[in-house]
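Here's the structure we're looking at; comments come further down.
The values are calculated or read from the model by the stated rules, or taken from the named source; none is laboratory data. This is a predicted model, so every value here is computed, not measured. Counting neighbours? That spans all protein chains shown, and the Cβs are built from the backbone with ideal geometry, glycine included. The accessibility values were calculated without ligands, DNA or RNA, using every heavy atom of the protein model including side chains. Shrake-Rupley method; radii C 1.70, N 1.55, O 1.52, S 1.80 Å.
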Amino acid sequence: MQETIELARNVDTVIVVGGHESGNTRRLAEAVKAEGKKVLHIETPEQLDPKFLSQSKRIGLTAGASTPKFLIDATQEALHSL
């Protein structure tokens, strides 16, 4: 959790990858909001919103504890291609 807070302090927007029903992932998104930063909680890379992200200069990426690595990697790839 502390790592996500530190990340939020250094970026404009944080992408949180993980299930919408995951308590851990929801807490990460809430921690970002508590820092006053924009957050986009997604389950898959296809849910990235280019219009939402276009106003951000620095975007951070984090994920819930049970999020599969392949989803995190795919999201990172999708972010780089935007």
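Within the range 1-35, the set of residues being out of contact with any strand residue (DSSP E or B) (no Cβ under 6 Å at 6 or more places or on another chain), within 21 Å of Ser54 (Cα to Cα) and surrounded by 14 or more Cβ atoms within 10 Å (Cβ to Cβ) comprises Asp12, Glu35. Mind listing just one residue for me: the one in the range 36-76 that is more than 23 Å from Asn24 (Cβ to Cβ) and open to solvent by 80 Å² or more (accessible area, probe 1.4 Å) and, of those, modelled with the lowest pLDDT? Checked the range 36-76; the qualifying residue modelled with the lowest pLDDT is Gln55. Listed by first and then second residue, the pairs linking a residue in the range 1-28 that is more than 22 Å from Asp73 (Cβ to Cβ) to a residue that is surrounded by fewer than 19 Cβ atoms within 10 Å (Cβ to Cβ) and of a type in the set (Asp, Glu), with Cβ atoms under 9 Å apart and 6 or more places separating them unless they lie on different chains, are Ile5/Glu35; Arg9/Glu35.
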